[in-house]
Amino acid sequence: MTASGERMVGDLARAIDESDFAWSLVLVGEDQRDKLAALTSDLRGKLSTTGDGKQITSGYAYWGIGPTIAWAHACTDPFYLVMKQSLDSFTRRWGRVRGKLGDGFHYVSFGVGTGHKDGLIVEHLLERNPDMVYLPVDMSSEMLRLGTQESTHRVRLPGHRVVPVQVDFAIPQNLTELRGLVHRLVGDEPVLYSLLGNTLANFDDDAELLANLTALARPQDRFLLEVASTDAVSDELAQEAVEEYSRSRAYREFVTSALLHNTDLTINTDAVRFRGAVEGDRALRVKVIYQNQTGGDIQMMLPDRTRVPFPDGDTIRLYLTRKYLRKAQEEMVRAAGMRKVTATHSDFSAPRSAQGFGMDLLLLAPGEEPTPPVGQGKRTRADEIWEN
Ligand SMILES: C[S@@+](CC[C@H](N)C(=O)[O-])C[C@H]1O[C@@H](n2cnc3c(N)ncnc32)[C@H](O)[C@@H]1O
């Protein structure tokens, strides 16, 4: 960079840091017209009564100011148990894993949300690295603004070391660019990456997403993953999971908010349906769908002003989520090329919540589990007997 370019960047950083006005710099990585076109195309899917045609994929559910506000509102609803418990218990769970982290980390957060959890993480990391750089990454610029204000308002982190990045992290090319950006900013210093709030569960190909995100981690980096968990899988438990989501009105308003803002449908929150299923021997899956149950065929206007038929009984998948089988998590982590450094589990203590549902926070590092020295392999039943 030329001297005048460097001066300009320095002046801009000073102008932001010294102003009382709430400036936020955002790096926009994608043309938002392309995103709108992709959303429009997803809403043209085939007729399906089971949520397998038209859809709103993860990221678009939170995209824009309407869904951002609806999400923030849902997070405070005591009936939206997964999120409530995730937020309420995060301080304790983070307190248990952070000791294993060491000092000098920078922070890249995939999916900032309301920023409450990032606030706790930033506070801890900044105490141990006064020069830390914080990169919240999100598809929604409004979520970035909201979340970053929450995550940084209690700490003295100069504005120019907060670098919000607006990109869709489900696109591998975006991750390649992000990797280049992060490494240019921090050099060889370690980075903590995070994917919190069970965001992983929202993606059709969650295993691929986890592998793509964790591939950014170098040997000195760490990855913090938070997922909703279950001790067992069965059709009954899938129904319990469905009930947990369907109780919250604010959650229904959130999942329909992308439809409200991107189509001309008159939204009826009672037309939101929840379908639970067992996903192999790895998870309980809940599909949240919007069904035309007016008894007649409707025309739905899309963001490009075209109209598509939304026949009676047809559905739009609004959201996908899961609860991961706890004993399958090890394999999921291993398949992503990572190993568990430490983990905490917290059970749902809420009434009417199924036994065995909870949240797990896993601190991961790249590479395989170190092979134990000869003679210190896996503990066998015989070892246990000899110890007693
Ligand atoms: C379930 S919320 C979790 C928020 C926060 N991490 C927490 O635990 O409270 C998911 C967040 O990820 C963002 N997000 C979802 N899919 C995304 C994608 N494909 N690319 C970028 N951001 C995405 C959403 O905008 C939202 O902020």
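The values are calculated or read from the model by the stated rules, or taken from the named source; none is laboratory data. Since we're looking at a predicted model, the values are computed, not measured. Every residue, glycine among them, receives a Cβ derived from its backbone with ideal geometry; neighbour counts consider all protein chains shown. Surface areas here come from the heavy atoms of the whole protein model, side chains and all, with no ligands, DNA or RNA. Shrake-Rupley method; radii C 1.70, N 1.55, O 1.52, S 1.80 Å.
Just one of the listed residues (Arg184, Arg161) is away from the ligand (no atom under 13 Å from the Cβ), modelled with pLDDT of 95 or more and open to solvent by 10 Å² or more (accessible area, probe 1.4 Å), and it is Arg184.
Taking the listed residues Val167, Val155, the one that is more than 15 Å from the ligand (Cβ to nearest atom), in contact with a Leu (Cβ under 7 Å, 6 or more places away or on another chain) and open to solvent by 10 Å² or more (accessible area, probe 1.4 Å) is Val155, with no other qualifying.
In region 48-103, of all residues being under 21 Å from Glu244 (Cβ atoms) and of a type in the set (Gly, Ala, Ser), the one that is farthest from the ligand (Cβ to nearest atom) corresponds to Gly51. The sole residue among Leu120, Leu125 that is open to solvent by 30 Å² or more (accessible area, probe 1.4 Å), under 20 Å from Leu225 (Cα atoms), more than 9 Å from the ligand (Cβ to nearest atom) and assigned by TED's automatic domain parsing to the domain that holds Pro67 is Leu120.
Of the residues Ser257, Ser234, only one is open to solvent by less than 50 Å² (accessible area, probe 1.4 Å), at pLDDT 95 or above and over 22 Å from the mean Cα position of the chain (by Cα); which? Exactly one residue qualifies, and that residue is Ser234.
Taking region 131-151 as the range and being polar (S, T, N, Q) and open to solvent by 10 Å² or more (accessible area, probe 1.4 Å) as the test, the residues that pass are Ser141, Thr148, Gln149. Restricted to region 2-11, and to residues there that are part of a helix (DSSP H, G or I) and open to solvent by 80 Å² or more (accessible area, probe 1.4 Å), the residue that is modelled with the lowest pLDDT is Glu6. Restricting attention to region 24-47 and to residues that are part of a loop (DSSP other than H, G, I, E, B) and not small (Gly, Ala, Ser), the residue that is farthest from the ligand (Cβ to nearest atom) turns out to be Leu47.
As a summary of the residue check, His106 satisfies the conditions (1) closer than 29 Å to Leu157 by Cβ; (2) exposed (fewer than 13 other Cβ atoms within 10 Å of the Cβ); (3) away from the ligand (no atom under 16 Å from the Cβ); (4) in contact (Cβ under 8 Å) with a residue 40 or more places away in the chain except for the one numbered (2).
When the residues of region 199-227 are filtered to those that are open to solvent by less than 30 Å² (accessible area, probe 1.4 Å) and either modelled with pLDDT under 95 or of a type in the set (D, E, K, R) (or both), the one that is nearest to the ligand (Cβ to nearest atom) is Glu226. Could you list all residues from region 244-287 that are farther than 24 Å from Leu43 by Cα and without any contact (Cβ under 8 Å) to a residue 24 or more places away in the chain? Result: Gly280, single match. Given (1) crowded, with 17+ Cβ neighbours inside 10 Å; (2) assigned by TED's automatic domain parsing to the domain that holds Arg339, identify the lone condition not met by Thr57. Just one mismatch for Thr57, condition (2).
If the condition is being among the β-branched types (Val, Ile, Thr) and loosely packed, with under 15 Cβ neighbours inside 10 Å, then region 66-96 contributes Thr76, Thr91.
Being touching a residue at least 24 places away in the same chain (Cβ under 8 Å), closer than 22 Å to Val163 by Cα and either exposed (fewer than 14 other Cβ atoms within 10 Å of the Cβ) or touching a Pro at 6+ places or on another chain (Cβ under 6 Å) (or both) is true of Leu25.
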